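Each reported figure results from applying straightforward, stated rules to the coordinates on display, with no laboratory input. Everything numeric here is computed off the predicted structure, so don't read it as measured data. Positions of Cβ are backbone-derived with ideal geometry, glycine not excepted, and every protein chain shown enters the neighbour counts.
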Amino acid sequence: MMRHFALFTTLCSLLLFGCAGAPQKPSQPDWITGESATYPQGRYLVGIGQAEHQAVARERARADLARNFEVRVSEQSEDLTAYTAQGAPGQEERSLESRLSRQTTLTTDQVLQGSRVAESWRDPASGEHYALAVLDRLQAGMTLRQNIAELDAATVASVERARGSANLLEQIRHAKKAYEIQRERTDRQRYLQVVDPAGVGVAPIYTTARLRSDLEALLGRVRIAPQVEQASADLSPADRARLATVLAAGLTSAGFYNGSAAQSDYTLAARLQLHAMERAQWHWLTGELEIVLHDKGGKVQGAHRWPIKVAAQEAAVAHQRAMEEAARVLKSELQEVIIGFTQPE
């Protein structure tokens, strides 16, 4: 009897040991299909990644987290495009959208510096890896509020410099800087509204609409008379007439008022020098477009040159392309160049 009892005890022990030693199937984390109890959405922004390899899953989780901050660049650019460019979309609009895209990416990277992959899990059935990336809303919000405060202070300083200057072009330079700073601030505000559970952000001191209106008003007060230099023997009378049209259009695109020399504060003299070459049945034109800004007394306020290089199979087409290139650079860069003449050296 004792022997049967010992055998029974041994079998029970083995069964209990076997049950205790059996590997437990890992349970699926709550964040795979729902909200994480550890990282609730009220306190954290989250992103989930899934992939065959763990490293890829982690990167996808970070990318998913970044999508919380996605901003349509085309919508961002509408405000500034309406101010900087007129007519059909062209090179300057594409350049603007590219710049805004880079700025958005940079802002996203700065905000996501505080993010981390908090948890990971592998499905034992499929072998798929899952990762959870999180960003503390409070921490990110504090960083963004500090950025916004710094940008607001810089905007106020630029507005005060504009108001305190007696030079109209210098006023424009500071007013434009205030406008551009506030546009950057608008991006930070959008990010803060994503991070802040209330979605409120920080009310601006100056709106971009007001700053843009002030800038346009200042630009409209500057009267500049366009003038084409007659010294260039490379241009035909027809080309000089085209250059005069191109120069006037560039001033209009830049926001300046076109007037006669007698009614204007400044004269903008332009000269286009072109040198013709022929290579393998192609007509090449190389040279430079030069502008010089004079005040009413004839004093030079600044000068700038752009290289010009075009080619075509016909000489007339090459000259037309040279004018188109001159029009492009004047339309997209003339305002910045003229305002830059007030920069201290």
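Using 0.36 nm times the number of residues separating Glu324 and Phe341, minus their current alpha carbon distance, what extension gain do you get?
3.7 nm
Rounded, prolate or oblate: which fits region 156-257, taking a ≥ b ≥ c as square roots of the Cα gyration tensor eigenvalues, rounded meaning a/c under 1.5, else prolate when a/b beats b/c?
Taking the square roots of the gyration eigenvalues as a ≥ b ≥ c, region 156-257 is prolate.
Could you pull out the GluC sites (Glu not before Pro) across region 224-297 that fall in loop regions by DSSP (anything but H, G, I, E, B) with no more than 16 other Cβ atoms inside 10 Å?
Qualifying residues, ordered by number: Glu229.
Under the classification rounded if a/c is under 1.5, otherwise prolate if a/b is larger than b/c and oblate if not, where does region 240-289 fall, given a ≥ b ≥ c as square roots of the Cα gyration tensor eigenvalues?
Here region 240-289 falls in the prolate category.
Check Glu288: other-chain or 5+ apart residues with amide H under 5 Å from its amide H, H built from backbone geometry?
It is Gln273, Ile308, by chain and number.
Shape verdict for region 184-343, please, from the Cα gyration tensor: rounded (a/c under 1.5), prolate (a/b greater than b/c) or oblate.
oblate
Quick one: if the Förster radius is 51 Å, what FRET efficiency do Ala217 and Gln139 give, using the C-beta to C-beta distance and rounding to 0.05?
0.80
Just to confirm the filter: which trypsin sites (Lys or Arg not before Pro) across region 244-345 are DSSP coil and have at most 13 other Cβ within 10 angstrom of their Cβ?
Lys296, Lys299
Compute the length gained on full extension between Met277 and Asn258: take 0.36 nm times their separation in residues and subtract their Cα-Cα distance, giving the result in nm to one decimal.
3.3 nm
Report the FRET efficiency, 1/(1 + (r/R0)^6), for Ala198 and Glu333, where r is their Cβ-Cβ distance and R0 is 51 Å, rounded to 0.05.
According to the calculation, E is roughly 0.75.
For a Förster distance of 41 Å, can you work out the FRET efficiency between the beta-carbons of Arg210 and Thr245, rounded to the nearest 0.05?
For Arg210 and Thr245, the calculated efficiency is 0.75.
Check each of the GluC sites (Glu not before Pro) in region 298-341 and keep only those in coil by DSSP with at most 15 other C-beta atoms within 10 angstrom; list them in order.
Glu314
Figure the gain on full extension for Arg305 and Arg190 (residue separation times 0.36 nm, minus the Cα-Cα span) and round it to one decimal in nm.
Contour length minus Cα-Cα distance gives 37.5 nm.
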